[in-house]
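The structure under discussion appears below in the form of structure tokens.
Nothing in this text is a laboratory measurement; each read-out follows from the coordinates by a stated rule. Since this is a predicted model, take the numbers as computed values, not measurements. Because the Cβ atoms are built from the backbone with ideal geometry, glycine has one as well, and the counts that use them run over all protein chains shown.
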Amino acid sequence: MKRGKWLISLTVFATLILLLQVGMQQGALAAKKPVVVGFIGSFASDTGRSTLRGAEIAIEEMNAAGGVLGGRPIKFVKADSAEDVTEGIKAYEYLNEKEKVDFIISGSIDDVSLGWFPRMAEYRTPTLDTWTSSILAIEMVRDEYEKYKMYFMNIGCDYALGEVFMQFGKDILAKEMGWKTAVIMQEDTAYAAGVYEWIKDQIAPAAGIKIVDHVVYDVNSVDFSPVYNKIIKTNPDFIYLISSVKSQVPSSQYVKLQVPIPITGINVSAFGMEYWDDTGGMGGGMSTLVPPPSLGMELDPRTQKFLDKYKAKYGNSRPRYPHFNGFNAYYGMYNAMNAAERVGGFK
């Protein structure tokens, strides 16, 4: 009996020592000036939430491992862009002026990023875009490097996405399907304009496909019957959709209106697990070019571990599976902090 009590006492003592050590470590971490990381993006969109959550998990892991830059904790602050250019500029200003951030990770759509670009140049805050693929942003960095050198993007640009379609058009649509004419149907955003800019000059010589019409629609459109009726009269072999915002609407109405023309393209909503429910079961006829990693793809062990944490942490809260920019944010946070370690900080 005495031996049992002694073992229990020893176990309790060891547990107390361990808790004390953990508490001392956490106390030492909290005593150091934090590295302030700011998130900018839409709180309400799957796109914004994917970046926010990817960054959040990475930050939790780094803090649990003892922090960064000599044991400093990372403080995570957030600002909602609401997928609006004006609100995005205000959000970027808030992160810098009120939160005094050291680094910003962005889940902004292209138009919003381009909106706060001049403010970034003024604040000189290192900023990583995980969603925006605008070629305009890359060209600004190229043309005025000293002014914009604090900007980073870890996704293929508009032209890269356009080139993927060139190859898809050549090898599958033209060669296998025998399609030779297309109508480009794009949303009125900087992203779609950038992809179209590449496609319009390359698709004929590269894939032998002729663009017979080009339709641009407002992202807030709710009635696509005029758009589809116009396309039907043109009678192309297929429709190529370029849509990154509210893609469920043109998708579901394509089925509802029984448009008799095949459709393919870039449909961001189709990246997510919620797509079928969002379209009321009317997402048929739509294929999409998807940047990896994405739903249904085999993952390496580290990425799978991140995904498991994501599912455990956020459960059925949408998006249940992060868009590719969620993975970009997770690894982007590690890349940014490793770079800061090499140079001794963010300034």
If a/c stays under 1.5 just call it rounded; otherwise compare a/b with b/c (prolate if a/b is bigger, oblate if not). Do that for the range 158-278, with a ≥ b ≥ c from the square roots of the Cα gyration tensor eigenvalues.
-> prolate
By the mean-Cβ-within-10 Å protection proxy, highest first, 136-143, 321-328, 241-248, 299-306 rank as 321-328, 241-248, 136-143, 299-306
Nearest 20 debye, what's the magnitude of the dipole of the chain about its Cα centre given +1 on Lys and Arg Cβ and -1 on Asp and Glu Cβ?
-> 1780 debye
Report, in order of residue number, the helices in the chain meeting two criteria: a C-alpha extent of 30 Å or more along the helix axis, and a mean Kyte-Doolittle hydropathy of at least 0.0; treat each whole DSSP H run as one helix.
-> 2-31
Note, Tyr217: beta-carbon cut-off 14 Å, +1 each Lys/Arg, -1 each Asp/Glu, net -3
Leaving out same-chain residues fewer than 8 places away, which lysines sit with a Cα under 28 Å from that of Lys98?
-> Lys32, Lys33, Lys75, Lys78, Lys90, Lys147, Lys149, Lys347
Over the chain: helical MRE at 222 nm, DSSP H runs n ≥ 4 each giving -39500 (n - 2.57), nearest 500 = -16000 deg cm²/dmol
Placed amide H near Asp129: partners under 5 Å, 5+ positions off or other chain | Ser106, Phe152, Met153, Asn154
Within 10 Å of each residue's Cβ, count the other Cβ atoms and sort Val215, Val37 from fewest upward.
-> Val215, Val37
Which net charge results when you count Lys and Arg as +1 and Asp and Glu as -1 among the other residues whose beta-carbon is under 13 Å from that of Val164?
-> -2
Sticking with the crude label model, points 7 Å out along Cα→Cβ, report the distance from Glu93 to Ser225 in nm, one decimal please.
-> 4.4 nm
Relative contact order (%) - the chain, alpha-carbon pairs under 8 angstrom, separation at least six | 17 percent
Relative contact order of the range 158-278: what whole-number percent is it, with Cα pairs under 8 angstrom and at least 6 residues apart?
-> 27 percent
Within the range 158-278, pairs of Lys residues whose Cα atoms are less than 16 angstrom apart, provided they are eight or more positions apart or on distinct chains, add up to 7
Taking K and R as +1 and D and E as -1, what net charge do the other residues with C-beta under 11 Å from the C-beta of Met140 add up to?
-> 0
